[in-house]
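The values are calculated or read from the model by the stated rules, or taken from the named source; none is laboratory data. Keep in mind that this is a model prediction, so the values were computed, not measured. Here the Cβ is made from the backbone with ideal geometry for all residues, glycine too, and neighbour counts use every protein chain on show.
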Amino acid sequence: MKKEYDFRSIEPKWQHYWRAQGSFRALNPGDPGFDPAQPKYYVLGMFPYPSGSGLHVGHPLSYTAVDILARYKRMRGFNVLNPIGWDSFGLPAEQFAVKTGFSPQALTIDSINTFRRQLMALGFSYDWEREVATSNPSYFRWTQWIFLQLHRAGLAVELEAPVWWCERLGTVLANEEVSEEGKSEVGGHPCVRVPLKQWFLRITEYADRLDADLAGLQWPEGIKELQHNWIGRSVGAEIAFALEGEEGQPGQPGQPEGQPAEIAVFTTRPDTLHGCTFMLLAPEHPLAGQLATPAQAAAVAAYIDAARRQSEIQRQAKAGKTGIFTGAYCLNPANGERVPVWISDYVLASYGTGAVMGVPAHDERDFDFAVEKGIPIREVVQPPTPDHKDIVRALDTPVGRRICFIGDGVGVNSGPLDGLPTPQAKERCVEILAAAGKAKAVVRYKLRDWLFSRQRYWGEPIPLVHHADGTITPVPETELPVLLPPTGRFEPSGEPTPPLALDAEWSAYPLPGGGHATREPNVMPQWAGSCWYYLRFLDPHNDQAFCAPEVERYWMPVDMYIGGAEHAVLHLLYARFWHKCLYDQGLVSHPEPFAGLFNQGMIQGEAYRNAAGQLFAPGKVRFADGKAFDPDTGEELTRQIVKMSKSLGNIVNPDEVVQEHGADALRLYIVSMGPLEKNKPWDTRSIMGAVRFIHRLWALVVGEADSAHETPSRPHLLTDTHPRDAEVERALHKAIAAVTADIEAMRFHTAVSQLIIFVNLLGGDAHRLCRDQAERLIKLCAPFAPHLAEELWLRLAHTEPLAQAPWPSFDPAQVVETEVTLAVQVNGRLRATISLPAAASEAVALARAREALAGSPHLAGKEPAKVIYVPGKILNLVVK
Ligand code: ANZ
């Protein structure tokens, strides 16, 4: 029989017990036993995408953090909601299905089973009754329902937008399936972007509120800043340039249809209008193809075609600016000058108006373009000093020195704006032009409307129907969910269409009066399901509504949301957007979903390097005396911090760690690695610190007892008669105070050190602990090492589980440092140490020092010439 702690039998025992007892069930208003007086705490870890390869160590880090909070808050008397589910639609399952012939459904179920088993083995206190998966029809029925509410509110619109199309493969591809060079990941075939009708959600309608409401959130400042920049509010003006030959007749009869007589630009620098020496259109601008003069037509068409083959990101990242002159001119509304119209792919069709007034003297991209194309550069804002830091380019040209100054200065060469400082010049310019109907002040956002349709199989079908007359109607709510056809494999059609359109039987939507309409063939993006899952967790089995209103009112908002910083922008912004739409329709009670947010850092990998630079995975290394060696050559190796990667073989599989050391050891180690928010390297050997701590605690409470029998071997812990050690008692109060404060502040690594310090203070002497001290110690450990804590609790002959026991309290009086040790120096040399109250006066300190030094030669009855006293730190006596 084993004499030490046997996590292999004890951990699964408690996992089954908690499950069977429903220890972590959260009660909703209306449930029998629900106590409305209890405060609520909703803690949520970002739910995982159940990939085929199982959990990664990053998952246990954030989920352990969630679990510590959940267990702690439960012990503090909160009604805690700690749910888990699966973000189970997505591209990898579909790609795997196409490759192997398995259905994505079957694959997803397999992956979920693996993830569930792995999370259960870590002892997380989830309410498993609330498990959801976004790919279950009972879930996505409501994703579709919410989409219909957005559609009804006019927030879903159908527009043409480019998709990647690969002629050779005969399919539309996702961005992730196309390389940066515009080749398909499979086979490396060339791809082009072709326009297709797609659905957009009008998130830009909410840009202002998404930006302004960040202020009220308890989120890391860095994440708020990222969202703020992503939304990218910019204040400027829209200015109209008439096309040459069409001045003064916008919208006049006789004008060719659909061709406006002017080009509108968006600018944040209207004050630089007099310095505009060219006009730039995005290749996708409606006028781009129409303006070319006959001489330029072929070159313009070729340029536009080439631009289609590149993504916006590629176009913006390109070194060097390219462009083509259309041969046409427009007129500067400020001074009537002729301005040549160019097309360039550094102008984005989707931002502003898709047209830019080129001001090379004050915009660096325009400067580079003008230099490249030999366009004049005219200074219209004078820098405050000749060597100002905002002068970002300088070039000597045959016609003189030209600079690019992007800062604020004073207007020059600008008629009525001359002499005006930049802020006033901006206002004045818009005022003058607005009076003539040629400009208006506008606010623009970087944020674009959300491209919401995907030409995939493994997603939620968009529940709309297209009719022969071109109208689009929602699928009646009673017909939801719109299910996927049973197979995900379709023969390529040779046309850029979504795969669902190829299933004729599925596509045909029978009309009540006979005949058929066509189902919308696009599916939703993976983001859709995660936009509202935190709401479904509240009421996951409700088949009348996505969530009952009284339940939503009780639990929302989420008090603490924990996940990776990679979701700082898209997921968090999309979820906030949906939530605000639901709020506006009166379907939720609070305008924001996540009151608190915390981003955990990444866990990095380790590797060992030899002199030649070759890297070894930790498993391939021999360790001795705290050093690492190449097992073949004996060469000593140095430790390196690297990314975890399959090729190096240094990916840590949580299953293996649990099998070898147990879930509690993994949990303790993973949160003690360092601050939760920091990136930190996994260190295979350091987990032994956690293992030793567990054994030490076991030995203190149980000793040599046979772990197969639930008997304690520390009889003194079963009675209340064992004497209480005052020093231990004081240290315990300090530990309780510190661990409590650390958990509240999410400093779990220092909380664990407090526990270790306390246990080490006992020096392995179990008899320094009495029963109620052991109990409080076990409770303190419960959030971190719940299996061990639960077992020790049982060994103390408790019949009620620890999971529901109250958190220990501390006496503040015991926590203050009453006595401190003070160094006494004479003429700068340490001569004695004395013990005295921390706040003792100088007179008291001096009297104690005299006592301590009585009879020593250092003071020898002399009166000190000077006394330097820093309470709690030092007493220095200067003796002549
Ligand atoms: C003229 C000008 C002169 C500009 C100058 C800047 C400096 P933010 O602040 O990011 O909103 N711009 C407008 N639409 C564009 C598009 N579709 N693609 C690429 N660039 C575009 O930037 C607004 C500025 O970005 C605008 O102000 C415009 O250039 C450019 F001395 O207009 B500016």
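Can you find, within region 353-380, the residue that is farthest from the ligand (Cβ to nearest atom) among those that are assigned to a loop (DSSP other than H, G, I, E, B) and β-branched (Val, Ile, Thr)?
Ile375
Ala745 is checked against (1) loosely packed, with under 13 Cβ neighbours inside 10 Å; (2) farther than 30 Å from Asn679 by Cβ; (3) modelled with pLDDT of 90 or more; (4) hydrophobic (A, V, I, L, M, F, W, C) and fails just one. What number does that condition carry?
(2)
Would you confirm, using the coordinates I've provided, whether Ala133 is surrounded by 15 or more Cβ atoms within 10 Å (Cβ to Cβ), in contact with a Ser or Thr (Cβ under 8 Å, 6 or more places away or on another chain) and either farther than 27 Å from Ser88 by Cα or modelled with pLDDT of 95 or more (or both)?
yes
For region 525-544, which residues satisfy the criterion of being farther than 30 Å from Met602 by Cβ and either aromatic (Phe, Trp, Tyr) or free of Cβ contacts under 8 Å to residues at least 12 places away in the same chain (or both)?
His541, Asn542, Gln544
Regarding Val341, is this residue within 12 Å of the ligand (Cβ to nearest atom), among the hydrophobic types (A, V, I, L, M, F, W, C) and buried (at least 23 other Cβ atoms within 10 Å of the Cβ)?
Criteria not met by Val341.
Can you name every residue in region 210-220 that is surrounded by 14 or more Cβ atoms within 10 Å (Cβ to Cβ) and either on the phi > 0 side of the Ramachandran plot or out of contact with any Phe, Trp or Tyr (no Cβ under 9 Å at 6 or more places or on another chain) (or both)?
Within region 210-220, Asp213, Leu214 meet the criteria.
Residue-by-condition table, conditions (1) crowded, with 20+ Cβ neighbours inside 10 Å; (2) within 12 Å of the chain's Cα centre (by Cα):
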| residue | (1), (2) |
| --- | --- |
| Ala568 | yes, yes |
| Leu572 | yes, yes |
| His579 | yes, no |
| Pro593 | yes, no |
| Gly596 | no, no |
| Gly601 | no, yes |
| Phe616 | yes, no |
| Lys627 | no, no |
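Within region 63-80, which residues are under 24 Å from Ile603 (Cα atoms) and among the basic types (Lys, Arg)? Explain how you work it out, then say what you get.
First, the residues of region 63-80 that are under 24 Å from Ile603 (Cα atoms): 63-71.
The one that is under 24 Å from Ile603 (Cα atoms) and among the basic types (Lys, Arg): Arg71.
Picking from Ser350, Ser311, which residue would you name as being of a type outside the set (Asp, Glu) and within 9 Å of the ligand (Cβ to nearest atom)?
Ser350
Among helices (runs of 4 or more DSSP H) lying entirely in region 422-540, which contain 3 or more residues that are closer than 25 Å to Leu201 by Cα?
So the answer is 527-530, 533-536.
Looking only at residues that are in contact (Cβ under 8 Å) with a residue 12 or more places away in the chain and surrounded by fewer than 13 Cβ atoms within 10 Å (Cβ to Cβ) in region 317-334, which one is nearest to the chain's Cα centre (by Cα)?
Step one: of region 317-334, the residues in contact (Cβ under 8 Å) with a residue 12 or more places away in the chain are 318, 320-334.
Those still in the list that are surrounded by fewer than 13 Cβ atoms within 10 Å (Cβ to Cβ) too: 318, 320.
Details: Lys318: 28, Gly320: 34 Å.
The extreme case among them is Lys318.
Suppose we filter Gln604, Gln585 for residues that are at pLDDT below 95 and polar (S, T, N, Q); which single one remains?
Numbers: Gln585 fails: at pLDDT below 95.
Within the list Gln604, Gln585, the selection yields Gln604.
Quick one: how many residues across region 94-135 are of a type outside the set (S, T, N, Q) and out of contact with any Gly (no Cβ under 8 Å at 6 or more places or on another chain)?
Count: 17.
Which one is nearest to Ala97 (Cα to Cα), of the residues in region 25-43 that are touching a helix residue (DSSP H, G or I) at 6+ places or on another chain (Cβ under 7 Å) and crowded, with 23+ Cβ neighbours inside 10 Å?
Ranking the qualifying residues of region 25-43, first place goes to Val43.
Anything in region 408-426 that is crowded, with 16+ Cβ neighbours inside 10 Å and touching a residue at least 40 places away in the same chain (Cβ under 8 Å)? List them, or say none.
Hits for region 408-426 are Gly411, Ser414, Leu417, Leu420, Thr422, Ala425, Lys426.
Can you tell which of Ala782, Ala774 is under 19 Å from Thr64 (Cα atoms), small (Gly, Ala, Ser) and surrounded by 20 or more Cβ atoms within 10 Å (Cβ to Cβ)? Before you say what the answer is, go through the steps one by one.
Values: Ala774 fails: under 19 Å from Thr64 (Cα atoms).
Step by step, each of Ala782, Ala774 is checked, and only Ala782 is under 19 Å from Thr64 (Cα atoms), small (Gly, Ala, Ser) and surrounded by 20 or more Cβ atoms within 10 Å (Cβ to Cβ).
Looking only at region 781-801, count every residue that is closer than 17 Å to Ser9 by Cβ and over 38 Å from the mean Cα position of the chain (by Cα) and tell me the total.
Of the residues in that region, 2 qualify.
Output the residue which, of all residues in region 395-415 that are closer than 23 Å to Val356 by Cβ and more than 13 Å from the ligand (Cβ to nearest atom), is modelled with the lowest pLDDT.
Keep residues of region 395-415 that are closer than 23 Å to Val356 by Cβ, which gives 395, 397, 402-409, 411-415.
Add one more test, that the residue is more than 13 Å from the ligand (Cβ to nearest atom), and what stays is 395, 397, 402, 412-413, 415.
On the way: Leu395: 94, Thr397: 90, Arg402: 95, Val412: 97, Asn413: 96, Gly415: 95.
Per the criteria, the residue is Thr397.
Counting only residues that are surrounded by fewer than 17 Cβ atoms within 10 Å (Cβ to Cβ), more than 21 Å from Val523 (Cα to Cα) and touching a residue at least 12 places away in the same chain (Cβ under 8 Å), how many does region 155-184 have?
3
Being of a type in the set (Phe, Trp, Tyr), modelled with pLDDT of 95 or more and under 30 Å from Leu484 (Cβ atoms) narrows it down to one residue among Phe115, Phe96; which is it?
Of Phe115, Phe96, the one residue that is of a type in the set (Phe, Trp, Tyr), modelled with pLDDT of 95 or more and under 30 Å from Leu484 (Cβ atoms) is Phe115.
Within region 391-407, which residues are surrounded by fewer than 16 Cβ atoms within 10 Å (Cβ to Cβ) and assigned to a loop (DSSP other than H, G, I, E, B)?
Of everything in region 391-407, those that are surrounded by fewer than 16 Cβ atoms within 10 Å (Cβ to Cβ) and assigned to a loop (DSSP other than H, G, I, E, B) turn out to be Pro398, Val399, Gly407.
Within region 606-640, work out how many residues are over 13 Å from Thr684 (Cβ atoms) and hydrophobic (A, V, I, L, M, F, W, C).
6
Look at Phe325 and say whether it is in a strand (DSSP E or B), at negative phi and either more than 12 Å from the ligand (Cβ to nearest atom) or modelled with pLDDT under 95 (or both).
On the way: in a strand (DSSP E or B): yes; at negative phi: yes; either more than 12 Å from the ligand (Cβ to nearest atom) or modelled with pLDDT under 95 (or both): yes.
Yes; evaluated as a whole, the condition is true for this residue.
Could we say that Gln316 is within 16 Å of the ligand (Cβ to nearest atom), part of a helix (DSSP H, G or I) and not aromatic (Phe, Trp, Tyr) here?
Yes, satisfied.
From (1) surrounded by fewer than 17 Cβ atoms within 10 Å (Cβ to Cβ); (2) among the acidic types (Asp, Glu); (3) touching a residue at least 12 places away in the same chain (Cβ under 8 Å), pick out the condition that doesn't hold for Asp765.
All conditions pass for Asp765, except number (3).
Just for helices (runs of 4 or more DSSP H) wholly inside region 783-880: which have at least 1 residues that are over 24 Å from Lys734 (Cα atoms), among the small types (Gly, Ala, Ser) and modelled with pLDDT under 90?
The helices (runs of 4 or more DSSP H) meeting that bar are 842-853.
Which residue, of Phe102, Phe96, Phe115, Phe140, is more than 23 Å from Arg536 (Cβ to Cβ) and assigned to a helix (DSSP H, G or I)?
Testing whether each residue is more than 23 Å from Arg536 (Cβ to Cβ) and assigned to a helix (DSSP H, G or I) leaves just Phe96.
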